[in-house]
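Below is one structure, written out as structure tokens, with a few remarks after it.
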Amino acid sequence: MDWSKIKTIFIIAFLLLDVYLIYEYIKIKEYQQADDYTTEPTTYTLSRLGIKYDKEKLPVNNQKDQYLSAKSKKFTDDEIKKLEKGILDGQEITVRDSIYLQAVLVEPISIKEEFNPEDLTEFLFNQVLNGAEYRFWEKKGNTIKYYQQHAGKTLYRNPKGELTFNVNEENKIVSYNQTYLENIKEMDEEEHIIQPLEVILNLFTKSYIESDSYVSNVELGYHTQLDTSAQLLAPTWKVTVNEEDLYINALDGEVIQPETEEMKVE
């Protein structure tokens, strides 16, 4: 038996086996890296762009949502008379165009110089129609603004679902204006929504934000898409970048500019 040849065959066999194992190892690593980029493609990209964000403030449970329809509540004279004897007692009520309720407080409410929304919670819940459905938005000048919510999500900057308190020079709330959306219904089936990291990257791609920006908050709500006899409300991401709020349709990627026009993020 030629042991020299057998030894050579074994050496070649082991070399081929080593080459095969190395090849398989490389393929496995390539697959794992590809999978990592598929599941979190923007984490790496945003980091390289210097865009910072707080991971704990990025929603992770919102995978699907859908359009909503809603109609403005119309306040009738009979309804107002009943409310004035109940929840709206101590308020002088007038209604304009059937949907704008205006209330003057018989006894103004004193508030602190540094306003805390909790200071109005009791009044809001007990003396404002459906007051528990409104969420504090901002205090600006002599007004305190709230917007209506649906299923825990804010109807962003919606003048038909708005509650505005008016403050006088003595730092007292003297009146408020209210609109309310009712018959809020879900339309069609739920669809997958664009996820927050992809939204942030799209904003950068379209020059809405710059590198080295800081994204302090991302929140899902609804924004008016169409307002006729009824409203069409789209699920919308509110992205706060360097203290500026940007609104993005969570289904089709439209960047919504509330006071001007809408531009598309592809």
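The values are calculated or read from the model by the stated rules, or taken from the named source; none is laboratory data. If you're wondering where the values come from, they're calculated on a predicted model, not measured in any experiment. Please note: Cβ atoms are built from the backbone with ideal geometry, for glycine as well, and neighbour counts cover all protein chains shown. These accessible areas exclude ligands, DNA and RNA; they are computed on the full protein's heavy atoms, side chains included. Shrake-Rupley method; radii C 1.70, N 1.55, O 1.52, S 1.80 Å.
Exactly one condition in (1) open to solvent by less than 50 Å² (accessible area, probe 1.4 Å); (2) at pLDDT 95 or above; (3) farther than 23 Å from ASN183 by Cα is not met by VAL106; state its number.
Looking at each condition in turn, VAL106 falls short on (1).
The rows are residues; the columns are (1) touching a helix residue (DSSP H, G or I) at 6+ places or on another chain (Cβ under 8 Å); (2) at positive phi; (3) surrounded by 18 or more Cβ atoms within 10 Å (Cβ to Cβ).
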| position | (1), (2), (3) |
| --- | --- |
| ASN168 | no, no, no |
| SER175 | no, no, no |
| THR179 | no, no, yes |
| SER207 | no, yes, no |
| SER229 | no, no, no |
| LEU232 | no, no, no |
| ASN242 | no, yes, no |
| ILE256 | no, no, yes |
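Do any strands (runs of 3 or more DSSP E) lying entirely in segment 87-150 carry at least 1 residues that are in contact with a helix residue (DSSP H, G or I) (Cβ under 9 Å, 6 or more places away or on another chain) and farther than 28 Å from GLU219 by Cα, and which ones are they?
In segment 87-150, 91-96, 100-110 are the strands (runs of 3 or more DSSP E) which contain 1 or more residues that are in contact with a helix residue (DSSP H, G or I) (Cβ under 9 Å, 6 or more places away or on another chain) and farther than 28 Å from GLU219 by Cα.
Check GLN195, GLN231 and return the single one that is closer than 29 Å to LEU46 by Cβ and not small (Gly, Ala, Ser).
Only one candidate passes the filter, namely GLN195.
Provide a single number: the residues in segment 182-218 that are closer than 16 Å to PRO235 by Cα and not in a helix (DSSP H, G or I).
Residues that pass the stated criteria total 13.
State all residues of segment 181-194 that are surrounded by 12 or more Cβ atoms within 10 Å (Cβ to Cβ), aliphatic (A, V, I, L, M) and in contact (Cβ under 8 Å) with a residue 60 or more places away in the chain; if no residue qualifies, say none.
Across segment 181-194, the qualifying residues are LEU181, ILE184, ILE193.
Determine whether ASN158 is in a loop (DSSP other than H, G, I, E, B), open to solvent by less than 60 Å² (accessible area, probe 1.4 Å), under 30 Å from VAL239 (Cβ atoms) and in contact (Cβ under 8 Å) with a residue 12 or more places away in the chain.
On the way: in a loop (DSSP other than H, G, I, E, B): yes; open to solvent by less than 60 Å² (accessible area, probe 1.4 Å): yes; under 30 Å from VAL239 (Cβ atoms): yes; in contact (Cβ under 8 Å) with a residue 12 or more places away in the chain: yes.
Against the criterion (in a loop (DSSP other than H, G, I, E, B), open to solvent by less than 60 Å² (accessible area, probe 1.4 Å), under 30 Å from VAL239 (Cβ atoms) and in contact (Cβ under 8 Å) with a residue 12 or more places away in the chain), ASN158 qualifies.
List, please: which pairs have Cβ atoms under 6 Å, are six or more places apart or on different chains, and start with a residue in segment 115-130 that is in contact (Cβ under 8 Å) with a residue 12 or more places away in the chain and farther than 13 Å from ILE87 by Cβ and end with one that is charged (D, E, K, R) and open to solvent by 70 Å² or more (accessible area, probe 1.4 Å)?
Note: pairs meeting the criteria are PHE115/LYS139.
Does segment 62-82 contain any residue that is at pLDDT 85 or above, in a helix (DSSP H, G or I), open to solvent by less than 60 Å² (accessible area, probe 1.4 Å) and under 30 Å from LYS153 (Cα atoms)?
Yes, segment 62-82 contains a residue that is at pLDDT 85 or above, in a helix (DSSP H, G or I), open to solvent by less than 60 Å² (accessible area, probe 1.4 Å) and under 30 Å from LYS153 (Cα atoms).
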